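Q: There's a structure below that I have some questions on.
Computed from the coordinates by the stated procedures, all read-outs in this text should not be read as laboratory data. This structure is a prediction, so every number in the text was calculated from the model and none was measured. All Cβ positions, even for glycine, are placed from backbone atoms using ideal geometry, and neighbour counts span all protein chains on display.
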Amino acid sequence: MPRDIDAVILTHAHLDHSGRIPLLYAQGCKAPLFCTAPTADIIFPLLLDSAELQAHDATRRNRRLDRRFRPEFSPLYTSDDVKQCMHFVTRTNFCSKVELGEQIGFRFWDARHIVGAASVEICLGDIRILFSGDLGNGKAITCAGAELTGYDHVICESTYGDRVREPELLAYRRDVLLEHINSSLDAGGNLLIPAFAVERTQSVLEDMVALIECNKLAPVNIFVDTPLGETVTRATLKYRDSGLNPFAHANIHFVESVAQSRQLEHVRGAVIIAGSSMCTGGRIRSHLEHNLEDPASRVLFVGYQVSGTLGAILKSGARHVRISGTDLKVRAQIHTMDSYSCHADRDGLIAWVKARLPISGSVFLTHGEKESMMQFSAALEAHITGTAILEPTLGSCWKLPKANAASLTGSGRADAEALVAQHDWQNDLAAFQGALRSALASLPDDHSRSAMMSRLQDSLVHKRISETD
Ligand SMILES: [Zn+2]
């Protein structure tokens, strides 16, 4: 039960790690919430935004006619819940040991992921466990007087465990970005960049500032249409000053209100950075609505697109999509830059695990889609011998002994696994409707269109009959 929890340890601000914390505290948790100072500064606006989005989403869904006579949607938590849980935040420095009780303690290591991101070393008596959190790239981790090797058990993320990225120089990445900006502006369209408010917006802005300051990028209007992105950018500057300050440039505009955002509908020849990164909500959807049918515009994805999201559908080359009830033909160019990832790739993850050796018990793989986890497991096996590599299912329980492989003590929850695998068929429906509309439009006359619909109708009837046989 939440009220029985003694300590909550948060590795970093990303919502897939922090997003349900207010719910935990709303359900009775009273434990201190340990995180680094940058994480504490970022989660507050992030969780408030999440609560507001949920409230808005619930109101919209409950208003829809097809929700009548069904239970009302309610948000997981409110803004008040967010404010309440922030009282439990305990800012914790990297490398400092925190004693949680008799022979139980932890400390944060720099995970090289986003600002403030940490791995967590947990000591239970003489058993040492290391939880990677999300891992990034960069220099080896050090803390004076401490060893990051010789663990009993290591829990390692595997998000990009199935791919190896070409190491790209920062200057090359910026040149590629410049090419995308210039190509869309030369064509007279806009460049839309769907981006996470945390980390990705800051990285893209830093690159743009660098391009402006070395006179590679001509004066162009850059709209940052994500108030959350602006807040996080200000918070990040406190901790990571790269000397590239987007607030010091007159042609980088931070868009505040929805009314200001709407004014961008008719803008051409600009760069627009907006959330959400996977186009599942937020202001980017309105910009897509006004740009996707324009062959002069382009959409540049700079982040991972989860399968089934509108971002993934666009990235896969869909020619029709439906946004806010409007069917749109995709005429804009769709591009991707993979070089912005703040996650280590397969080789980076392997190097991180090898640097922890010897590991006398087990390595658990988490935080990856099934395929990625399986491929990473196979690749890692070739590099570490004598250590069990385990892929736990959600909800499974394990005993973690000293210097011995972990053993399963309770199975996972099948219902939870099914939820994880759930596919959002609504996006498939939208793609199907778009394709159908296009197929009908391509037929020579109304008679042919009626005939096609009649055949489709027949096949639906046959399907229903065969299901009831
Ligand atoms: Zn993360």
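Q: Please figure out what share of the DSSP beta bridges in the chain is antiparallel and state it in percent, rounded to the nearest 5.
A: Here the antiparallel bridges make up roughly 40 percent for the chain.
Q: Hey, another quick one. Sorting I284, I181 on the 10 Å Cβ count, fewest up front, what's the list? Walk me through the numbers before you get to the answer.
A: Working: I284 28, I181 22.
Least to most surrounded, the residues fall as I181, I284.
Q: Quick check: Cα centre of region 16-36 to Cα centre of region 128-159, how many Å?
A: After rounding, the separation between the Cα centres reads 23 Å.
Q: Another question, if that's okay. What ³J(HN,Hα) values, in whole Hz, does the Karplus curve 6.51 cos²θ - 1.76 cosθ + 1.60 give for region 290-297 when θ = phi - 60°, with x put for Gly and Pro?
A: Values per residue, Gly and Pro as x: 9, 10, 4, 8, 9, x, 7, 8 Hz.
Q: Just checking the chain: which Cys have no other cysteine's beta-carbon under 4.7 Å?
A: C29, C35, C85, C123, C156, C214, C279, C342, C397
Q: Counting other C-beta atoms within 10 Å, which of W352, W109 has the fewest, and how do the rest follow?
A: Lowest count first: W109, W352.
Q: Per residue of region 354-366, in order, report the coupling 6.51 cos²θ - 1.76 cosθ + 1.60 (Karplus, θ = phi - 60°) as ³J(HN,Hα) in whole Hz, putting x for Gly and Pro.
A: Along region 354-366, the couplings run 4, 6, 8, 5, x, 10, 7, x, 9, 10, 9, 9, 9 Hz.
Q: Roughly how many Å is it from the Cα centre of region 266-344 to that of region 37-115, as a whole number?
A: With region 266-344 and region 37-115 each reduced to a Cα centre, they are spaced 27 Å.
Q: May I pose another question? In the neighborhood of T201, defined by Cβ-to-Cβ distances under 14 Å, what is the net charge if each Lys or Arg adds +1 and each Asp or Glu adds -1?
A: -2
Q: What is the set of long-range amide H partners of Y151 at a cut-off below 5 Å, with H atoms built 1.01 Å from backbone N?
A: Here the answer is S360, since their amide H atoms fall under 5 Å of that of Y151.
Q: Relative contact order for the chain: what percent, with Cα pairs under 8 Å and sequence separation of 6 or more?
A: Relative CO of the chain lands at 14 percent.
Q: Could you please report the charge total around L408, scoring K, R as +1 and D, E as -1 over all other residues with beta-carbon less than 12 angstrom from its beta-carbon?
A: Neighbour charge sum, excluding L408 itself: 0.
Q: Name the long-range amide H neighbours of A388: under 5 Å, sequence gap of 5 or more, or other chain; modelled H, no Pro or chain starts.
A: It is V363, by chain and number.
Q: Along region 45-55, what does the Karplus equation 6.51 cos²θ - 1.76 cosθ + 1.60 (θ = phi - 60°) give for ³J(HN,Hα), rounded to whole Hz, x for Gly and Pro?
A: 3J(HN,Hα) across region 45-55, in whole Hz: x, 5, 6, 4, 4, 4, 5, 5, 4, 5, 4.
Q: Also: Which residues in region 434-451 have a backbone N closer than 17 Å to a point placed 7 Å from the Cα of H462 along the Cα-to-Cβ line?
A: Answer for region 434-451: 451.
Q: Let me have the relative contact order for region 170-340, percent, based on Cα pairs under 8 Å that are six or more residues apart.
A: So the answer I get is 29 percent.
Q: Sort 71-79, 142-150 for me by packing, meaning the mean count of neighbouring Cβ atoms within 10 Å per residue, highest on top.
A: The packing order, highest mean first, is 71-79, 142-150.
Q: Continuing with the same structure: When the helix-only estimate is applied to the chain (DSSP H runs of n ≥ 4, each -39,500 (n - 2.57), divided by the residue count), what is the mean residue ellipticity at 222 nm, nearest 500 deg cm²/dmol?
A: Taken over the chain, the calculation gives -11500 deg cm²/dmol.
Q: Around L217, which amide H atoms from residues at least 5 apart in sequence, or from another chain, sit under 5 Å from its own amide H, with H modelled in the peptide plane?
A: For L217, the qualifying residues are I212.
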